Amino acid sequence: MSRKPERRRQPRLFSNDMRTLLFAYGDVQQPQLETIQALEDVMIIFMTDLCHEAMTYATYQGRKHKLKMEDFKFALRKDKLKLGRVEELMNKQKEIQEARKLFDSNEKETKDDEIEKKRKKEAKRALKEAKKLKLSKGD
């Protein structure tokens, strides 16, 4: 008697994200578990195929173990909508990084200004102390 090989259950890593995504696009707040699992399976298959296609392109470019964003862009070149969305997200990411750099540099300048103010305050206090000592010695 032959046994069917047991199908290994894949861990459901994106169930909460799928539930939120479904709700955001107009589904009920608690969608059926089968719907979430089906959507997750489709998404995983799509991402796996996309990664394989990007890896194929990277291999042709001479990079066997490292993918770049250009590889994913090439894999999505036939789907203008997805390619446009990827480019839009990359531009937003660049804007956020530049804003963080500006914020960090402004924060650093603010800290430098505070340190400079403290130094000036200490110098003024030391000067006052020196004047007091000079006056007290002169009496």
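The values are calculated or read from the model by the stated rules, or taken from the named source; none is laboratory data. Here the structure is a predicted model, which is why all the values come from computation and not from measurement. Counting neighbours? That spans all protein chains shown, and the Cβs are built from the backbone with ideal geometry, glycine included.
Only a single criterion out of (1) modelled with pLDDT under 95; (2) assigned by TED's automatic domain parsing to the domain that holds Met18 is not satisfied by Met55, namely (1). Would you mind stating whether Arg63 is among the charged types (D, E, K, R) and closer than 21 Å to Met47 by Cα? Here the answer is yes, as Arg63 does meet what is asked.
Please verify whether region 64-81 includes one or more residues that are among the aromatic types (Phe, Trp, Tyr) and touching a helix residue (DSSP H, G or I) at 6+ places or on another chain (Cβ under 9 Å). Yes, region 64-81 has at least one match. Within region 78-109, the only residue that satisfies the criterion of being surrounded by 10 or more Cβ atoms within 10 Å (Cβ to Cβ) and not in a helix (DSSP H, G or I) is Asp79. You will find that of Pro31, Pro5, the residue that is of a type outside the set (D, E, K, R) and at pLDDT below 90 is Pro5 and no other.
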